[in-house]
1. Which of the three applies to the range 235-299, rounded, prolate or oblate, going by the alpha-carbon gyration tensor with a ≥ b ≥ c and a/c under 1.5 meaning rounded?
2. Given axes a ≥ b ≥ c from the Cα gyration tensor, I'd like to know whether the range 156-237 is rounded (a/c under 1.5), prolate (a/b larger than b/c) or oblate.
3. When averaged across all projection directions, what area in nm² does the alpha-carbon convex hull of the range 188-293 cover?
4. Would you pull out the residues with amide H under 5 Å of Ala287's amide H, same chain only if 5 or more places away, H placed 1.01 Å from N?
5. Taking the mean number of other Cβ atoms within 10 Å as a proxy for protection, how do you rank 272-283, 162-173, 99-110 from highest to lowest?
6. Taking θ = phi - 60°, what integer Hz values does the Karplus form 6.51 cos²θ - 1.76 cosθ + 1.60 yield along the range 240-256, in sequence order, with x for Gly and Pro?
7. Which whole-Hz couplings ³J(HN,Hα) result when phi for each residue of the range 79-91 is put into the Karplus expression 6.51 cos²θ - 1.76 cosθ + 1.60, θ = phi - 60°, listed in order with x for Gly and Pro?
Amino acid sequence: MSSSASTTDEGEALPDSTGGESEETRQEQEEDKKDVPRDEVPHGESEEMNSLASTVSSSQDSQDSSDGTIHALLPKVNCPEKIVICLDMSKEMTSRHVSSRDGSKFSPLQLTKRVIEIFVKTKSRMDRRHQFALLVLHDTPTLVTDFTNDPDVFCEDLRAQEDTEECQTTFNVAQLLQEIIQLAPLPEIEEVELIPPPYIVRVLLLYGRSHCLPAAPEDSQQMLSELLLSPHLFLDALYVHEPPADDNQSIEIFNAICDLDRKCLSYVYEVATNVTMFHNHMAKLLAHPLQRPAQSDTYYRLQSNEDVA
């Protein structure tokens, strides 16, 4: 995987998600663990919610064997990606602030835009064939930037996004995927296990609502399932939320996002107040969906020869 340290043109560094951690980083991660007492954890790799990973892992295994939706093995090729970045612009993205180690305060929107920019510039350096589109999410998705392989054009449009809005209590994820498929039709290949696709479509959802469930109307469930089971569509997510409490739905929303992973191939991360983890999680999303392992099989720490033995 290519999620090691990288830098942008301005000299910003992506934290190394595969190396050792400083004492300050470990302390910060311990603080975040206190923020997220989960009932269940659909993706066990998360640094902040790993205490109940085994419960969900076993439920995913039983789901795979019962409904027959185990994903076909695709050619592990480095084909171009059409990456649709979906940026939440709800009021919640600016209604609170998190602090970095030096005391600087940032809104979730500021941090999210920062890590998106680092991601896009780094991904573009890895392969100039990758293309990026920007959708902003209010009550409905709105296209801001059509597909481009120029990171400067994309980042200029990204920086201009400032206006947030109050949103409803549910978000129609089926409508979002319909918009994306119109923007980037999926490749039509008969022998998907043998023939590499000309490109894949990856949805990168950056969702920042703690009071608004992502859902789909009953009459669009079949369409949603067909899209999510497509071998050439991948949906990754970074959920930016308030610390779970009785007056929000952070846990339910995270579980709903994880439920969109019908093929068990998505990478889904969450972060509440840890600035370092914002950057670490986005670094882990740099890997190509056709070449990375399942999220449950990933490991981002160096081991000594003694540990391996």
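No value in this document is a laboratory result; all are computed from the given coordinates. What you see is a predicted model; the values in this text were computed from it and never measured. Virtual Cβ from ideal backbone geometry, glycine too; neighbours counted across all protein chains shown.
1. Verdict is oblate for the range 235-299.
2. The shape class here is oblate.
3. For the range 188-293, the mean projected area of the Cα convex hull comes to 7.9 nm².
4. Close amide H contacts, sequence-distant or interchain: Ser2.
5. Highest-to-lowest ranking by the protection proxy: 272-283, 162-173, 99-110.
6. Result, ordered by residue: 9, 9, 6, x, x, 8, 5, 9, 9, 10, 4, 5, 5, 5, 4, 5, 5 Hz.
7. Going residue by residue, I get 6, x, 10, 9, 9, 9, 8, 9, 9, 5, 10, 6, 4 Hz, with x marking Gly and Pro.
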